[in-house]
1. Once both axes come from the Cα atoms, what is the angle between helix 110-142 and the longest principal axis of the chain, in degrees from 0 to 90, rounded to 10?
2. Using alpha carbons only, how many degrees (0 to 90, rounded to 10) separate the axis of helix 72-82 from the longest principal axis of the chain?
3. May I ask you to derive the relative contact order of region 1-112, considering only C-alpha pairs under 8 Å and at least 6 residues apart, and to give it as an integer percent?
4. Any idea what the relative contact order of the chain is, in percent, if you count C-alpha pairs under 8 Å spaced at least 6 apart?
5. As a check on your grasp of the helix formula, calculate [θ] at 222 nm for the chain: sum -39500 (n - 2.57) over DSSP H runs of n ≥ 4, divide by the residue count, round to the nearest 500.
6. What does the net charge come to around Glu195 if you take all other residues with beta carbon closer than 15 Å to its beta carbon, with K and R at +1 and D and E at -1?
7. Just rank Leu83, Leu16, fewest to most, by other beta-carbon atoms within 10 angstrom.
8. Gap in Å between the Cα centre of region 22-41 and the Cα centre of region 96-138?
Amino acid sequence: MSLWQMLQLGGGTVILLMFLSTLSLAVIIERAILYYRSSRVTRDIFMMDIAGQIRRGNFTKAQEICQHTETPFAAVVGTGLALRNSTGEVMDNAMERQITIETIKLERRTAIIGTIGSTAVYIGLFGTVLGIIRAFHDIAQQGAGGMGVVINGIAEALICTAVGLCVAVPAVIAFNYCQSRIERLVMDMDIAASEARDLLIGARS
């Protein structure tokens, strides 16, 4: 069955599901690119480089490294370096705020995927119900049953269910993947903030 035939049989429900599928795919690709860029440099290697610069007293170079590294934990460490002459509490609070800001960036648009994943099945089910109603309506109009009378309604019902599942399953998988990536990146930010604080406090003594 061609896409055009599916749209004809599924009607508005399939068109809506196709739109949601396109939207979901766009968000998934955009988030995947962001998470890939955020993971090109590992926290261990980054912190080893930063630690070496701090121990040599080269804070300017350390800040430059943070500015040129496209990872959330680099932004957090850069915030700590900018406030290296402040008290430990001020530095901690600033890095915590930066962690919150970076987490919001990581979570941006993921709710769209989650919503599509949780509602696409119900939209498909709605189309299924409409298809069954159409089938019974055709039977009532014809005054008799038979495959020829109900075929369009049953086809619409089955197509809507299938398309709903095809949209929902990838969206749910992508949403769970995004959540796992966010948790890992938040953990990296927390550890990097703690390590940066120890390095900066130690550099004062």
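1. 0 degrees
2. Here the helix axis deviates by roughly 30 degrees.
3. 22 percent
4. So the answer I get is 33 percent.
5. -30500 deg cm²/dmol
6. -3
7. Working: Leu83 16, Leu16 20.
Exposure proxy ranking, most exposed first: Leu83, Leu16.
8. The two parts, judged by their Cα centres, are 18 Å apart.
None of the figures in this text is laboratory data; all of them are computed from the coordinates on show. If you're wondering where the values come from, they're calculated on a predicted model, not measured in any experiment. Heads up, the Cβs are rebuilt from the backbone with ideal geometry, glycines too, and the neighbour counts pull from every protein chain shown.
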